[in-house]
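The values are calculated or read from the model by the stated rules, or taken from the named source; none is laboratory data. In this text, all values refer to a predicted model and were calculated from it rather than measured experimentally. FYI the Cβ positions are ideal-geometry reconstructions off the backbone, even for glycines, and counts take in every protein chain you see. Side chains included, ligands, DNA and RNA excluded: accessible areas come from the protein's heavy atoms. Shrake-Rupley method; radii C 1.70, N 1.55, O 1.52, S 1.80 Å.
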Amino acid sequence: MNRLIIVSNRLPFALDSAGEDLWTVTPAVGGLVSAVEPILRERGGTWIGWPGIPGKIPQGPLAEATRDAGYNVVPVALSETERNEFYYGYSNEVIWPLFHDLQNFCNFEPAYWPAYKQVNERYADAIIRNARPDDFIWVHDYHLMYVAQALRERSTSQNLSALTFFLHIPFPPYDIFSKLPQQRRLLHALLQFDLLGLQTRRDVRNFLQCVRRVMPDAKVLSRGETHVIRFEKRKIQLGHFPIGIDFDSFENGAKSEAVTQRSQQLRASFPDCQLMLGSDRLDYSKGIPERLRAFRNALERYPELRGRIVLIQIVVPSRVEIPRYHEFKGQIDRLVGDINGRFSTSTWIPVQYHFRGLDRENLLAHYRACDLAFITPHKDGMNLVAKEYCACRTDEDGALILSQFAGAAEQLKPDALLVNPYDVEQMADTIWTAFRMSEEERSARMKRMRRVVRKENVFWWVDSFLAAGSQLTKKFPRRRRTLLKG
Ligand code: GDG
């Protein structure tokens, strides 16, 4: 069977210096790692990525961190300047905000693009050093959109069987994308892959619209949901592949003794209250301030909620070195302080706020304990938290309030209560609706959502992507075991 080579900016863990010759290894938090790690663990293969520290990579700690991974790990080194200009700069101050429709948050600093290209070339070199001709190369996410072009410029790419790419974040509409100074160069680079995967139908529509407007030489042939782009004498396949989760592992984890006990303890700490969960990486695209304003608005307009609902908001620190993220944390802190200051009583505090990541057991206990989930990103490629919440509702109850702009909404509507994350009053009304929803209705909706999340799980996702890729190589067989998991 062809080997799988995963290429992503970050490895699934971060090394950090804890003093002279002392290193800590922390698992990376985030959707890409949650989804891809179980696949490589199951199939084996190679993961190429950056271990999260600038400068020279300490070989001993790296070997220690990856000894039991079950797959090979190939580190890519970044200098401090490269980290600043490629990772914080082009990736996270240009592409991330732009692709989440937040063009005013972009810093189109010209020095970032050459750094982006240079680092992508380094990843291409790492692929060349490690790949064999039959390997299935799967590049992930917005940091590495230039890798296929770098490979083709090195001409060795002819020996590689399939160059494929999946974008975890949304693809913006033309009116937003056209603000990007490198719009043509970036689309040209993306069209050097053989297969391009996006999360949703909306992303595919946006991508095709951009190709038609920006690359008039490209010809788009669409039949139903199959799209092929002819460009520079090559054919590029395009499709939507909504990412899923390892449903069984969440469900089984949620049923475990330890999680059950922890979840009961949590519930017991808030007697007579419904618990509502928000859990996000610290990111301005996740809509946390509006969510808090909506909660405040609900407490103002529906006094019956006071003393009877608690919002547990988990914010996992992320990219805190970027000033905007730091400011954003201040905004959340102030809103939480305002709500708790205004509404708390001697026996009830409306917002329980954790600014830290929880360990997996504790996270699952929160999913199990909370009657409602309140997930309101301004825009999100998919949003795995929404799916994880459903998988952990082993009693088939609970209600999900979800942004209409999360990729997950395409699969979970109409059973999730969809909201416009910019409309504070509508979100407040929806909290009230969810709070009063009957157990029967919650259960009927949750059962249907769980069915979708169970079926369209991460193994289904990877199989659909590899099956599309096998059309290119004609050699990459689907694995029966993973197919049966669906
Ligand atoms: C990107 C796209 C797309 C959260 N809190 C804790 C914790 N988490 C884990 C969750 C989940 C992951 O982090 C977050 O995934 P999301 O999908 O919600 O969001 P992004 O990180 O922005 O992911 C997104 C995804 O890629 C996959 O394609 O869905 O749209 O933006 O898995 O469980 N994990 C732990 N403690 C926490 O407190 N351990």
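Which shape class, rounded, prolate or oblate, goes with the chain when its Cα gyration tensor gives a ≥ b ≥ c as root eigenvalues, a/c under 1.5 marks rounded, and past that a/b bigger than b/c marks prolate? Verdict is prolate for the chain. Couplings 3J(HN,Hα) of the range 398-415, computed from phi: x, 10, 10, 9, 9, 4, 5, 9, 8, x, 4, 4, 4, 8, 9, 6, x, 7 Hz, in residue order, whole Hz [Karplus 6.51 cos²θ - 1.76 cosθ + 1.60, θ = phi - 60°; x for Gly and Pro]. Here the range 339-355 and the range 405-448 have alpha carbon centers that stand 24 Å from each other. Computed from the alpha carbon positions, the gyration tensor of the range 277-362 leads to an equivalent ellipsoid with semi-axes of 24, 15, 11 Å, biggest first. The mean sequence separation of alpha-carbon pairs under 8 Å and at least six residues apart, normalised by the residue count of the chain, gives a relative contact order of 13 percent.
Averaged over its residues, the range 251-299 has an accessible area of 36 Å² per residue, based on protein heavy atoms and a 1.4 Å probe. The slack in the chain from HIS326 to GLU225, taken as 0.36 nm per residue of separation less the alpha-carbon distance, amounts to 32.2 nm. In this structure the amide hydrogen of TRP50, modeled in the peptide plane, comes within under 5 Å of the amide hydrogens of ARG10, LEU11, VAL76, none closer than 5 places in sequence on its chain. In this label model, ASP359 and ASN72 are separated by 3.4 nm, measuring between points 7 Å along each Cα→Cβ vector. Fully extending the segment from SER79 to GLN471, taken as 0.36 nm per residue of separation minus the present Cα-Cα distance, adds 137.3 nm. Let me know the whole percent of all Cα-Cα pairs from the range 328-421 that are separated by more than 15 Å. Result: 67 percent of Cα pairs exceed 15 Å.
A simple count of charges around MET427, restricted to other residues whose Cβ falls under 10 Å of its Cβ and scoring Lys, Arg +1 and Asp, Glu -1, yields -2. Put simply, the amide H of GLN352, placed in the peptide plane, has neighbours under 5 Å in LEU311, ILE312, GLN313, leaving out anything fewer than 5 places away on its chain. Here the Karplus relation 6.51 cos²θ - 1.76 cosθ + 1.60, evaluated at θ = phi - 60°, turns the backbone of the range 296-309 into coupling constants of 4, 4, 5, 5, 5, 8, 10, x, 4, 6, 5, x, 10, 9 Hz, with x for every Gly and Pro. Net charge of the neighbourhood of GLU410, taken over other residues with C-beta under 15 Å away and scored Lys/Arg +1, Asp/Glu -1, is +3. Residues of the range 262-304 with backbone nitrogen within less than 15 Å of a virtual label 7 Å along the Cα-to-Cβ line of SER344, please, listed as ranges. Output list for this probe position: empty. Note on the chain: helix-only mean residue ellipticity at 222 nm, from DSSP H runs of 4+ residues weighted -39500 (n - 2.57) and normalised by residue number, equals -13000 deg cm²/dmol. The relative contact order of the range 338-486 comes to 18 percent, based on Cα pairs under 8 Å that sit 6 or more residues apart. Calculated accessible area for the range 344-431 comes out at 33 Å² per residue, all protein chains present (probe 1.4 Å; ligands, DNA, RNA ignored). Summary value for the range 1-130: 22 percent relative contact order, contacts being C-alpha pairs under 8 angstrom separated by 6+ residues. Each residue, SER178 and LYS455, gets one label point 7 Å from its Cα in the Cβ direction; the gap between the two is 4.0 nm.
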